[in-house]
Amino acid sequence: MNNYKIGSFIAKKRNQLGITQRQLAEKLYVTDKTISRWENGNYMPDLTLLITISEILNTSVYELLLGEEIKQDNINDNIETEVRFLYSLSEEEKILNYLHKFSELTYKGCFNEKTIQYNHPMKEYDYYSKEIDARFRVRTTVNNEIKKCMITYKRRKENFLNEEINTEEEVEVSINYNEVDNLIYLLENVIHMKLIESYERKRHVFSNDDIEVVVDIYPFMIAIEVENKSKDKDPKSVILYYLNLLGFNLKDSYRLSWDDKYEELCKEQNIKQYNIVDNTKEMPVFLNHEFNLNK
(Lines give C-alpha, C1' and ligand atoms only; values in the text may rest on other atoms or scores of the structure.)
Protein backbone atom coordinates (compact mmCIF):
# COMPACT_ATOMS: atom_id res chain seq x y z
CA MET A 1 0.00 0.00 0.00
CA ASN A 2 1.12 3.52 -0.81
CA ASN A 3 0.81 5.83 2.22
CA TYR A 4 1.07 8.98 0.11
CA LYS A 5 -1.57 7.78 -2.35
CA ILE A 6 -3.94 6.85 0.47
CA GLY A 7 -3.32 10.17 2.23
CA SER A 8 -4.01 12.17 -0.93
CA PHE A 9 -7.20 10.19 -1.47
CA ILE A 10 -8.41 10.93 2.08
CA ALA A 11 -7.73 14.62 1.54
CA LYS A 12 -9.51 14.59 -1.83
CA LYS A 13 -12.65 12.88 -0.48
CA ARG A 14 -12.67 15.10 2.62
CA ASN A 15 -12.47 18.28 0.52
CA GLN A 16 -15.20 17.01 -1.84
CA LEU A 17 -17.52 16.70 1.15
CA GLY A 18 -16.50 20.09 2.56
CA ILE A 19 -15.19 18.60 5.79
CA THR A 20 -12.23 20.21 7.57
CA GLN A 21 -9.41 18.18 9.09
CA ARG A 22 -10.69 19.12 12.55
CA GLN A 23 -14.26 17.99 11.74
CA LEU A 24 -13.00 14.65 10.42
CA ALA A 25 -10.79 14.27 13.48
CA GLU A 26 -13.76 14.86 15.81
CA LYS A 27 -15.81 12.21 14.04
CA LEU A 28 -12.95 9.71 14.44
CA TYR A 29 -11.97 10.76 17.99
CA VAL A 30 -8.40 11.59 16.92
CA THR A 31 -6.52 14.88 16.66
CA ASP A 32 -6.44 17.10 13.59
CA LYS A 33 -2.65 16.62 13.62
CA THR A 34 -3.29 12.88 13.09
CA ILE A 35 -5.44 13.66 10.04
CA SER A 36 -2.68 15.89 8.69
CA ARG A 37 -0.12 13.11 9.12
CA TRP A 38 -2.35 10.69 7.23
CA GLU A 39 -2.93 13.13 4.39
CA ASN A 40 0.78 13.92 4.11
CA GLY A 41 1.54 10.21 3.82
CA ASN A 42 3.57 10.07 7.02
CA TYR A 43 1.28 7.54 8.73
CA MET A 44 -1.43 5.03 7.84
CA PRO A 45 -4.82 5.07 9.62
CA ASP A 46 -5.23 2.30 12.16
CA LEU A 47 -6.94 -0.80 10.75
CA THR A 48 -9.83 -0.44 13.21
CA LEU A 49 -10.70 2.97 11.71
CA LEU A 50 -10.82 1.97 8.03
CA ILE A 51 -14.51 1.11 7.92
CA THR A 52 -15.53 4.28 9.79
CA ILE A 53 -13.31 6.47 7.58
CA SER A 54 -14.75 4.93 4.41
CA GLU A 55 -18.32 5.48 5.67
CA ILE A 56 -17.65 9.13 6.56
CA LEU A 57 -15.93 9.82 3.23
CA ASN A 58 -18.62 7.97 1.25
CA THR A 59 -16.19 5.50 -0.29
CA SER A 60 -15.29 1.82 0.12
CA VAL A 61 -12.47 0.26 2.12
CA TYR A 62 -11.16 -1.14 -1.16
CA GLU A 63 -10.92 2.33 -2.74
CA LEU A 64 -9.45 3.74 0.46
CA LEU A 65 -6.65 1.17 0.55
CA LEU A 66 -5.98 1.58 -3.16
CA GLY A 67 -5.99 5.36 -2.84
CA GLU A 68 -8.21 5.89 -5.87
CA GLU A 69 -11.78 5.66 -7.07
CA ILE A 70 -12.70 2.61 -9.10
CA LYS A 71 -15.73 1.35 -10.93
CA GLN A 72 -17.24 -1.23 -8.64
CA ASP A 73 -18.61 -4.47 -10.07
CA ASN A 74 -22.17 -5.29 -9.13
CA ILE A 75 -22.40 -7.81 -6.33
CA ASN A 76 -23.21 -11.08 -8.06
CA ASP A 77 -23.84 -14.46 -6.45
CA ASN A 78 -22.13 -16.10 -9.43
CA ILE A 79 -18.88 -14.17 -9.04
CA GLU A 80 -16.21 -15.60 -6.76
CA THR A 81 -13.77 -13.08 -5.28
CA GLU A 82 -10.68 -14.47 -3.59
CA VAL A 83 -6.92 -14.36 -3.17
CA ARG A 84 -4.51 -17.21 -2.40
CA PHE A 85 -1.06 -17.56 -0.86
CA LEU A 86 1.28 -20.56 -1.20
CA TYR A 87 3.52 -22.14 1.45
CA SER A 88 5.61 -25.25 2.06
CA LEU A 89 3.99 -28.33 3.60
CA SER A 90 6.11 -27.95 6.74
CA GLU A 91 4.14 -24.82 7.69
CA GLU A 92 0.74 -26.45 8.38
CA GLU A 93 0.86 -26.39 12.19
CA LYS A 94 2.26 -22.85 12.27
CA ILE A 95 -0.50 -21.58 9.96
CA LEU A 96 -3.32 -23.25 11.90
CA ASN A 97 -2.04 -21.98 15.25
CA TYR A 98 -1.86 -18.47 13.80
CA LEU A 99 -5.41 -18.44 12.41
CA HIS A 100 -6.85 -19.86 15.63
CA LYS A 101 -5.73 -16.64 17.37
CA PHE A 102 -8.33 -14.52 15.58
CA SER A 103 -11.62 -14.22 17.46
CA GLU A 104 -13.20 -12.83 14.26
CA LEU A 105 -12.94 -16.31 12.68
CA THR A 106 -14.70 -19.53 13.70
CA TYR A 107 -12.99 -22.83 12.97
CA LYS A 108 -15.41 -25.07 11.08
CA GLY A 109 -13.25 -28.19 11.01
CA CYS A 110 -11.05 -30.25 8.73
CA PHE A 111 -12.39 -31.94 5.59
CA ASN A 112 -11.07 -34.38 3.03
CA GLU A 113 -11.82 -33.28 -0.53
CA LYS A 114 -11.55 -35.01 -3.87
CA THR A 115 -12.07 -33.02 -7.06
CA ILE A 116 -12.46 -34.43 -10.58
CA GLN A 117 -12.20 -32.02 -13.50
CA TYR A 118 -13.84 -32.79 -16.86
CA ASN A 119 -13.77 -31.27 -20.31
CA HIS A 120 -16.64 -30.91 -22.77
CA PRO A 121 -16.78 -33.71 -25.39
CA MET A 122 -17.23 -31.24 -28.26
CA LYS A 123 -14.11 -29.40 -29.42
CA GLU A 124 -15.91 -26.09 -29.98
CA TYR A 125 -16.84 -26.05 -26.28
CA ASP A 126 -13.38 -26.96 -24.98
CA TYR A 127 -13.33 -25.58 -21.43
CA TYR A 128 -9.54 -25.46 -21.46
CA SER A 129 -9.31 -23.30 -24.58
CA LYS A 130 -8.07 -19.73 -24.27
CA GLU A 131 -11.47 -18.48 -25.45
CA ILE A 132 -13.38 -20.19 -22.63
CA ASP A 133 -10.70 -20.83 -19.94
CA ALA A 134 -13.01 -22.67 -17.55
CA ARG A 135 -13.19 -25.76 -15.35
CA PHE A 136 -16.07 -28.19 -14.84
CA ARG A 137 -15.64 -30.01 -11.54
CA VAL A 138 -17.22 -32.65 -9.35
CA ARG A 139 -16.08 -32.23 -5.74
CA THR A 140 -16.80 -34.40 -2.71
CA THR A 141 -16.20 -33.05 0.80
CA VAL A 142 -16.16 -35.44 3.76
CA ASN A 143 -15.38 -35.55 7.46
CA ASN A 144 -16.89 -37.38 10.44
CA GLU A 145 -19.99 -35.16 10.42
CA ILE A 146 -20.48 -34.03 6.82
CA LYS A 147 -20.67 -35.68 3.41
CA LYS A 148 -21.53 -33.50 0.44
CA CYS A 149 -20.99 -33.16 -3.28
CA MET A 150 -20.90 -30.06 -5.49
CA ILE A 151 -20.89 -29.71 -9.26
CA THR A 152 -19.05 -26.52 -10.18
CA TYR A 153 -18.47 -24.54 -13.34
CA LYS A 154 -15.73 -21.98 -12.81
CA ARG A 155 -14.47 -19.55 -15.45
CA ARG A 156 -11.71 -16.98 -15.33
CA LYS A 157 -12.62 -13.48 -16.38
CA GLU A 158 -10.90 -12.04 -19.44
CA ASN A 159 -7.57 -10.40 -18.55
CA PHE A 160 -7.92 -11.66 -14.99
CA LEU A 161 -4.19 -11.29 -14.39
CA ASN A 162 -4.54 -7.53 -14.75
CA GLU A 163 -6.69 -7.39 -11.61
CA GLU A 164 -5.21 -7.21 -8.11
CA ILE A 165 -7.84 -9.57 -6.69
CA ASN A 166 -9.11 -12.72 -8.39
CA THR A 167 -12.69 -12.54 -9.66
CA GLU A 168 -14.07 -15.57 -11.46
CA GLU A 169 -17.48 -16.66 -12.66
CA GLU A 170 -18.66 -19.61 -10.59
CA VAL A 171 -21.90 -21.60 -10.66
CA GLU A 172 -22.40 -24.40 -8.14
CA VAL A 173 -25.04 -27.10 -7.75
CA SER A 174 -25.29 -29.34 -4.71
CA ILE A 175 -26.30 -32.99 -5.16
CA ASN A 176 -26.97 -35.86 -2.80
CA TYR A 177 -23.67 -37.44 -1.77
CA ASN A 178 -25.13 -40.90 -2.24
CA GLU A 179 -25.70 -40.13 -5.92
CA VAL A 180 -22.05 -39.35 -6.73
CA ASP A 181 -21.36 -42.69 -8.43
CA ASN A 182 -24.44 -42.29 -10.63
CA LEU A 183 -23.40 -38.76 -11.53
CA ILE A 184 -19.90 -39.91 -12.54
CA TYR A 185 -21.40 -42.70 -14.64
CA LEU A 186 -23.63 -40.24 -16.50
CA LEU A 187 -20.82 -37.78 -17.11
CA GLU A 188 -18.31 -40.35 -18.34
CA ASN A 189 -20.48 -42.98 -20.09
CA VAL A 190 -23.56 -41.12 -21.28
CA ILE A 191 -22.44 -37.54 -21.90
CA HIS A 192 -18.87 -38.75 -22.62
CA MET A 193 -17.12 -35.93 -20.84
CA LYS A 194 -13.36 -36.40 -20.70
CA LEU A 195 -11.64 -36.70 -17.33
CA ILE A 196 -8.76 -34.23 -17.44
CA GLU A 197 -7.40 -34.44 -13.91
CA SER A 198 -8.29 -35.08 -10.33
CA TYR A 199 -6.69 -34.10 -7.05
CA GLU A 200 -7.08 -34.74 -3.35
CA ARG A 201 -6.47 -32.30 -0.53
CA LYS A 202 -7.17 -31.76 3.16
CA ARG A 203 -9.02 -28.51 3.87
CA HIS A 204 -9.18 -26.56 7.16
CA VAL A 205 -11.97 -23.97 7.19
CA PHE A 206 -12.19 -20.72 9.19
CA SER A 207 -15.10 -18.36 8.50
CA ASN A 208 -17.70 -15.80 9.51
CA ASP A 209 -20.61 -14.14 7.67
CA ASP A 210 -18.27 -12.04 5.51
CA ILE A 211 -15.23 -14.19 4.79
CA GLU A 212 -13.95 -17.73 4.45
CA VAL A 213 -10.29 -18.52 5.05
CA VAL A 214 -9.28 -22.03 4.05
CA VAL A 215 -5.98 -23.84 4.45
CA ASP A 216 -5.66 -26.40 1.65
CA ILE A 217 -3.07 -29.15 2.12
CA TYR A 218 -2.12 -30.50 -1.31
CA PRO A 219 0.34 -33.40 -1.70
CA PHE A 220 3.09 -30.91 -2.60
CA MET A 221 2.22 -27.54 -0.99
CA ILE A 222 -0.18 -25.52 1.17
CA ALA A 223 -2.54 -22.89 -0.25
CA ILE A 224 -4.35 -20.35 1.91
CA GLU A 225 -7.42 -18.90 0.21
CA VAL A 226 -9.27 -15.83 1.49
CA GLU A 227 -12.71 -15.63 -0.16
CA ASN A 228 -15.54 -13.13 0.14
CA LYS A 229 -18.78 -14.61 1.48
CA SER A 230 -20.71 -11.40 2.16
CA LYS A 231 -24.00 -11.00 0.29
CA ASP A 232 -24.38 -7.26 0.76
CA LYS A 233 -20.89 -5.75 1.00
CA ASP A 234 -18.40 -4.86 -1.69
CA PRO A 235 -16.41 -8.11 -2.18
CA LYS A 236 -13.06 -6.43 -2.76
CA SER A 237 -13.46 -4.26 0.32
CA VAL A 238 -14.15 -7.37 2.39
CA ILE A 239 -11.06 -9.12 1.01
CA LEU A 240 -8.77 -6.15 1.62
CA TYR A 241 -10.11 -5.57 5.12
CA TYR A 242 -9.38 -9.17 6.17
CA LEU A 243 -6.01 -9.29 4.44
CA ASN A 244 -5.00 -6.31 6.58
CA LEU A 245 -6.53 -7.81 9.70
CA LEU A 246 -4.67 -11.10 9.18
CA GLY A 247 -1.44 -9.45 8.08
CA PHE A 248 -1.25 -10.74 4.49
CA ASN A 249 0.29 -8.65 1.74
CA LEU A 250 -1.73 -8.66 -1.47
CA LYS A 251 1.48 -8.45 -3.50
CA ASP A 252 2.49 -11.90 -2.19
CA SER A 253 -0.63 -13.62 -3.56
CA TYR A 254 -0.51 -16.28 -6.27
CA ARG A 255 -2.80 -15.47 -9.18
CA LEU A 256 -3.10 -18.87 -10.90
CA SER A 257 -4.53 -22.25 -9.83
CA TRP A 258 -3.03 -25.22 -7.99
CA ASP A 259 -2.51 -27.12 -11.27
CA ASP A 260 -0.48 -24.24 -12.73
CA LYS A 261 1.90 -24.40 -9.75
CA TYR A 262 1.99 -28.22 -9.89
CA GLU A 263 2.97 -28.17 -13.57
CA GLU A 264 5.60 -25.50 -12.92
CA LEU A 265 7.18 -27.47 -10.04
CA CYS A 266 7.22 -30.74 -11.99
CA LYS A 267 9.09 -29.08 -14.85
CA GLU A 268 11.54 -27.36 -12.51
CA GLN A 269 12.31 -30.56 -10.58
CA ASN A 270 12.15 -32.94 -13.56
CA ILE A 271 9.37 -35.02 -11.98
CA LYS A 272 6.67 -36.85 -13.93
CA GLN A 273 3.41 -34.92 -14.04
CA TYR A 274 0.29 -36.96 -13.28
CA ASN A 275 -3.30 -36.08 -14.06
CA ILE A 276 -4.36 -37.96 -10.90
CA VAL A 277 -2.68 -36.07 -8.05
CA ASP A 278 -2.65 -37.74 -4.64
CA ASN A 279 -0.26 -38.93 -1.95
CA THR A 280 0.42 -42.27 -3.68
CA LYS A 281 2.43 -40.54 -6.44
CA GLU A 282 5.88 -39.00 -6.43
CA MET A 283 5.30 -35.30 -5.94
CA PRO A 284 7.44 -32.20 -6.42
CA VAL A 285 8.36 -30.20 -3.33
CA PHE A 286 7.49 -26.55 -2.75
CA LEU A 287 10.45 -25.58 -0.57
CA ASN A 288 11.61 -22.55 1.39
CA HIS A 289 8.26 -20.73 1.47
CA GLU A 290 7.83 -20.19 5.18
CA PHE A 291 4.86 -18.69 6.97
CA ASN A 292 6.26 -15.72 8.88
CA LEU A 293 3.27 -13.56 9.77
CA ASN A 294 3.16 -12.32 13.34
CA LYS A 295 0.13 -10.96 15.15
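General observations
- Check on Lys114, more than 24 Å from Val238 (Cβ to Cβ), at pLDDT 95 or above and within 22 Å of the chain's Cα centre (by Cα): yes
- Residue that is nearest to Ile175 (Cα to Cα), among those in segment 146-162 that are β-branched (Val, Ile, Thr) and surrounded by 15 or more Cβ atoms within 10 Å (Cβ to Cβ): Ile151
- Only one of the listed residues (Ser60, Ser54, Ser129, Ser88) is small (Gly, Ala, Ser) and without any contact (Cβ under 8 Å) to a residue 24 or more places away in the chain. That residue is Ser129.
- Residue that is nearest to Glu227 (Cα to Cα) [pool: residues in segment 54-79 that are modelled with pLDDT of 80 or more and hydroxyl-bearing (Ser, Thr, Tyr)]: Ser60
- Yes/no for Thr140 being more than 22 Å from Leu246 (Cβ to Cβ), in contact with a helix residue (DSSP H, G or I) (Cβ under 8 Å, 6 or more places away or on another chain) and surrounded by 14 or more Cβ atoms within 10 Å (Cβ to Cβ): yes
- Failed item in (1) within 25 Å of Val180 (Cα to Cα); (2) out of contact with any His (no Cβ under 8 Å at 6 or more places or on another chain); (3) among the charged types (D, E, K, R), with Asp126 passing the rest: (2)
- Residue under evaluation Met283, criteria (1) in the same structural domain as Asn166 (by TED's automatic domain parsing); (2) modelled with pLDDT of 95 or more; (3) out of contact with any Asp or Glu (no Cβ under 9 Å at 6 or more places or on another chain), criterion not met: (1)
- Among all residues of segment 94-106, there is none that is under 23 Å from Asn275 (Cα atoms), in contact with a Phe, Trp or Tyr (Cβ under 6 Å, 6 or more places away or on another chain), modelled with pLDDT of 95 or more and surrounded by 19 or more Cβ atoms within 10 Å (Cβ to Cβ).
- Only residues that are closer than 30 Å to Asp252 by Cβ, part of a loop (DSSP other than H, G, I, E, B), touching a strand residue (DSSP E or B) at 6+ places or on another chain (Cβ under 9 Å) and of a type outside the set (A, V, I, L, M) were counted across segment 118-142, and they come to 3.
- Any pair with Cβ under 8 angstrom, 6 or more apart, that starts in segment 270-294 at a residue that is at positive phi and ends at one that is buried (at least 16 other Cβ atoms within 10 Å of the Cβ) and not hydrophobic (A, V, I, L, M, F, W, C): Asn288/Ser88
- Within the set Pro235, Pro219, the sole residue that is of a type outside the set (Val, Ile, Thr) and closer than 14 Å to Ile165 by Cβ turns out to be Pro235.
- Scanning segment 175-207 for residues that are without any contact (Cβ under 8 Å) to a residue 12 or more places away in the chain and of a type in the set (S, T, N, Q) gives Asn178, Asn182, Asn189.
- Of the helices (runs of 4 or more DSSP H) lying entirely inside segment 178-281, those containing at least 2 residues that are among the acidic types (Asp, Glu) and surrounded by fewer than 18 Cβ atoms within 10 Å (Cβ to Cβ) span 258-269.
- Scanning segment 163-177 for residues that are of a type in the set (S, T, N, Q) and surrounded by 14 or more Cβ atoms within 10 Å (Cβ to Cβ) gives Asn166, Thr167.
- Tally, over segment 156-177, of residues that are in a loop (DSSP other than H, G, I, E, B), at negative phi, more than 16 Å from the chain's Cα centre (by Cα) and not charged (D, E, K, R): 1
The values are calculated or read from the model by the stated rules, or taken from the named source; none is laboratory data. For clarity, every value in this text was computed on a predicted model and none was experimentally measured. Cβ atoms come from the backbone with ideal geometry, glycine included; neighbour counts cover every protein chain shown.
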